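Below: the structure, in structure tokens.
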Amino acid sequence: MDNKIEIRNVDKFYGRKQALDNVNLTISQGMFGLLGRNGAGKTTLMKTLATLHKKQKGKITVCGIPIENAKEIRSITGYLPQDFSMYPTMTVEESLDYLGILSGMDSETRKKRIKTLLKRVNLTEHKHKKVKALSGGMKRRLGIAQALLHEPRVLIVDEPTAGLDPEERIRFRNLLCEVAEERIVILSTHIVGDIEATCEDIAIMNNGKILWQGTVSELLKNAVGKVFTINAEKKFLPQIKNNYIVTGMLVQNEYTTVRIISENIPDLQGAVTADPNLEDAYMYCLYSHGCDVSGGNE
Amino acid sequence: MLFLKECKKVLFSLTFLIYIITVFAMYYTQFQGDCDTPLEKPLPNQSDYGMTAKEIPEILMPSAIESLVNRYLSNSYPAYPMGFYKDVHLNEKKKNKMAEIITEISGITKQELDNFTYSEEGTMTVGANGMMQYNEPEIPSVNIPKTLTYKRFRELMDKADKIIGGGSEYNDNNIVENFSLVPKTYEDALEEYNKFFDDDKITGAYARLYCDYMGIVLAILPVFVAVSFTSLDKKSRMEQLAYSRKISSAKLVFTRYASLVLMMIIPVIITAFIAHITVKSLYPENTTDNFAIIKNALIWLVPNIMFSTAVGMIITELISGIIAIFIQGTLWFGSIFAGTGSLTGSINKFTLVPRHNSLYGADVFKAEHSDFVFNRIFFTVLSLTMILITAFIYEQKRGGKFNGLDISFKNIKSKSET
């Protein structure tokens, strides 16, 4: 059985709206980041891979298994949806046990796995706590535990860090990296920082299409020579925002240091080239593919 | 294991607690009241053996007319519009319509009715046999027009029943047994009494009565438990976690259905057991059928639970829980209303709630037995078919091939605006 996910020419429609447009991707073992705006089609793609959505066209194989074999795919896939919870009156341990039964695990295996996973996600002390009493971060950790319960070969996590405080977010990202050592982990997010901290292989989605696929370093390389900084007086800011893509502004007394993206050297006095970060590179990628990245600038 | 987990989920739900309370309340308020005293054996030369119904117009017409005049003057009409007792009071408009009927059948004008001084209290007098007897309150004298045919009389009685709202004493199904009663002979009474012991073994008769009362609630209550249980995944935002597991849709849906049905049977078995103990203590010297009530409860009542649960599950998956309750409520109402007032011998092949509200009438029940068996098998098979379809719907929803029908008011409105 090969250890990769292959997505070929996949289309998906919601009525007349095309949610996935000729999607082609190859995802290998380790962390894979799917980056895109809200509404780009990331969740649709994640749900399609988790067999919760039906594609209209194209071919998907997960570790060599066609996506149409839903039962087999479900047995090797763990899924953590964006918006989820569990029965509020069940305890943490009971919830995992219930989901383990739904995964067809026997009693002894469930017992062992639940113990191991609760330890791994730091929830052992809270195993008798009811789900309704858990904090947002704890719920996310319980979410990852349930997704890993049946030792899946593929883990699909959709916007897992939304709503978490910085400390919980870091802890959660580290946890994902650890589990990615043994399996394919697909992380879908609109938060560039999550990708930067965890993934090397990424894809960028927009309007249901894969705009770009490669490594983080390749994405950064594409943006070299396209990012500039300039110290500008406040009065020039509207003009700069109108003419360039602004990725950062740092107010410093009389001047504001503005970070801009431009295909050519900007026609601004004092503009100097800067090393691109992942946010710059992501914005440049959207811009270079003709996406509207004005962000509502006048 | 999954079955036990699902049973536990049912057990700790609020709707199930309400279900248990209602089942026990129904048992104690309705059935228990009929278990206060044992049936008395008829003796020769008794002055009275009770009455039996025979359709004799000469008896029926004056008796029903006098009753209707009485009810009109007191403006109080007992009725069972949905199988439950209701004291109906008519408004002025309906009173006028009723007065027209009374005038046509009794010759008493509306003016006479309105001017009559009516005392609601009847009188007690010493009868010919030396016993005290109750006399109905005095009413204006009734003169049945010679031109009034029996057919026309029955039409007017049916009209009167509709004015009252159905299920009254004048309903087509009840009128004979209410107003055309003839005295039973000693032999009639003894035969009926012996059948109660020999054929029904006492508990058989009580089993029918028990099932009659419990069947009413068990045809509607399970839908609430099923809707609440089926909506739980969605309500708990657990749907996608369950959808993405390996378990087959058929196994999950059937296990959930089985756990719901089993949990809802348990209070029925407990009340049936209490009923058996109660009846047994009423007749300590007699031989009883120890399994009659439990056996009847399972055969008679389980299809009600199965059907109501299946409707709750399939419609919740297909549309929504509210619509499921509405649909089952309509079926329940229709079934009970269809058997208006005819509380015995109201079993046909497709009625959801078979009725037999009497300790007697084993013959009537026997005569309808094949229909009854067909009826129960029909609802069992129909329920299982619905659950099979529910599993199919669940599988379609799970794979994103179907998202349920949206027939909410908001959706209909927005579509019409488009």
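The values are calculated or read from the model by the stated rules, or taken from the named source; none is laboratory data. What you see is a predicted model, and the numbers here were worked out from it, not measured in a lab. FYI the Cβ positions are ideal-geometry reconstructions off the backbone, even for glycines, and counts take in every protein chain you see. Accessible surface areas use protein heavy atoms only, side chains included; no ligands, DNA or RNA. Shrake-Rupley method; radii C 1.70, N 1.55, O 1.52, S 1.80 Å.
Result for chain A in a Gaussian network model with C-alpha springs under 10 Å: among A:88, A:152, A:238, the largest mean-square fluctuation is at A:238.
Under a 1.4 Å probe, what is the accessible area of the range B:51-183 per residue, stated in Å²?
57
Each Cα pair under 8 Å and six or more residues apart adds its separation to the average, and for the range B:101-219 the resulting relative contact order is 16 percent. Rolling a 1.4 angstrom probe over the range A:4-216 with all protein chains present gives an accessible area of which 46% lies on carbon and sulfur atoms. Kindly give the semi-axes, whole Å and largest first, of the ellipsoid equivalent to the range B:74-180, taking each as the square root of 5 times a Cα gyration tensor eigenvalue. Semi-axes, largest first: 23, 19, 17 Å.
Taking a 27 Å limit on the Cα-Cα distance, which of the listed pairs A:129/B:8; B:5/B:234; B:151/B:366; A:71/A:129; B:97/B:184 fall beyond it?
B:151/B:366; A:71/A:129; B:97/B:184, as the Cα separations exceed 27 Å there.
Rounded, prolate or oblate for the protein assembly as shown? Axes are the square roots of the Cα gyration tensor eigenvalues, ordered a ≥ b ≥ c, and the cut-off for rounded is a/c under 1.5. It comes out prolate by the Cα gyration axes. Protein heavy-atom surface of the range A:223-288, 1.4 angstrom probe: 47% of the accessible area is carbon and sulfur, with nucleic acids and ligands not counted. With angles folded into 0 to 90 degrees, how steeply does helix A:278-288 sit against the dominant principal axis of chain A? Use alpha carbons for both and round to 10. Computed tilt is about 70 degrees.
For the range B:358-369, backbone phi angles converted through the Karplus equation (6.51, -1.76, 1.60; θ = phi - 60°) give residue-by-residue couplings of 7, 7, 9, x, 4, 5, 4, 5, 4, 4, 9, 4 Hz, Gly and Pro being listed as x. Suppose every K and R has +1 on its Cβ and every D and E has -1 on its Cβ; what is the size of the dipole of the protein assembly as shown about the Cα centre, in Debye to the nearest 20? Around 2840 debye, computed over the protein assembly as shown. Rounded to the nearest 10 degrees, the angle from helix B:14-26 to the longest Cα principal axis of chain B is 20 degrees. Measuring between their Cα centroids, the range A:228-298 and the range A:69-146 lie 45 Å from each other. Karplus-derived 3J(HN,Hα) values for the range B:134-145, using 6.51 cos²θ - 1.76 cosθ + 1.60 with θ = phi - 60°, are 8, 10, 4, x, 5, 9, x, 5, 9, 10, 5, x Hz; glycine and proline are entered as x. When the Cα gyration tensor is reduced to axis lengths a ≥ b ≥ c, the ratio a/c is 1.5 or higher for the range A:159-217, and with a/b not above b/c it is classed as oblate.
Amide H contacts for residue B:52 (H built 1.01 Å from N in the peptide plane; partners 5 or more residues away or on another chain; cut-off under 5 Å): B:182, B:184. Across peptide A:85-98, the average count of Cβ atoms from other chains found within 10 Å of a residue's Cβ is 4.
Using a cutoff of 8 angstrom between alpha carbon atoms and counting only pairs six or more residues apart, the relative contact order for the range B:1-137 works out to 11 percent.
For chain B, the longest principal axis of the Cα atoms and the long axis of helix B:321-338 meet at an angle of about 30 degrees.
Scanning residues 5 or more positions from residue A:57 or on other chains, those with amide H under 5 Å from its amide H are A:11, with H placed 1.01 Å from N in the peptide plane.
Applying 1/(1 + (r/R0)^6) with r as the Cβ-Cβ distance of residue B:185 and residue B:385 and R0 = 45 angstrom yields a FRET efficiency of 0.35.
Here the accessible area is traced with a 1.4 Å probe on the protein chains. For the range B:20-108, carbon and sulfur cover 52 percent of it. Is chain B rounded, prolate or oblate when judged by the Cα gyration tensor, a ≥ b ≥ c being the square roots of its eigenvalues, rounded requiring a/c under 1.5 and prolate requiring a/b larger than b/c? Because a/c hits 1.5 or more and a/b fails to exceed b/c, chain B counts as oblate. Evaluating 6.51 cos²θ - 1.76 cosθ + 1.60 at θ = phi - 60° for every residue in the range A:25-38, the Karplus couplings come out as 8, 10, 10, 9, 4, x, 7, 10, x, 10, 10, x, 5, 5 Hz, glycine and proline recorded as x.
Comparing the full protein assembly with the isolated chain, the residues of the range B:214-257 losing at least 50 square angstrom of accessible surface (1.4 Å probe) are B:236, B:237, B:238, B:240, B:241, B:244, B:245, B:246. Based on Cα contacts under 8 Å between residues 6+ apart, chain B shows a relative contact order of 22 percent. Residue by residue along A:69-76, Cβ atoms of other protein chains within 10 Å of the local Cβ number 3 on average. Placing unit charges on each Cβ (+1 for Lys and Arg, -1 for Asp and Glu) gives chain B a dipole about its Cα centre, and among B:372, B:69, B:174 the Cα reaching farthest toward its positive end belongs to B:372. The A-B contact accounts for approximately 2700 Å² of buried accessible area, totalled over both chains at a 1.4 Å probe radius. When the listed pairs A:55/A:132; A:47/B:235; B:54/B:146; A:17/A:47 are checked against a 27 Å cut-off, the alpha-carbon distance exceeds it for A:55/A:132. Putting +1 on Lys and Arg Cβ atoms and -1 on Asp and Glu Cβ atoms, find which of A:282, A:27, A:14 reaches farthest to the positive end of the dipole of chain A. My answer, from the dipole projection, is A:14. A cut-off of 5 Å between modelled amide H atoms, ignoring neighbours fewer than 5 places along the same chain, links residue A:209 with A:21.
Sparse packing (at most 14 other Cβ atoms within 10 Å of the Cβ) combined with a DSSP loop state is found for the following GluC sites (Glu not before Pro) in the range B:111-212: B:120, B:121, B:138.
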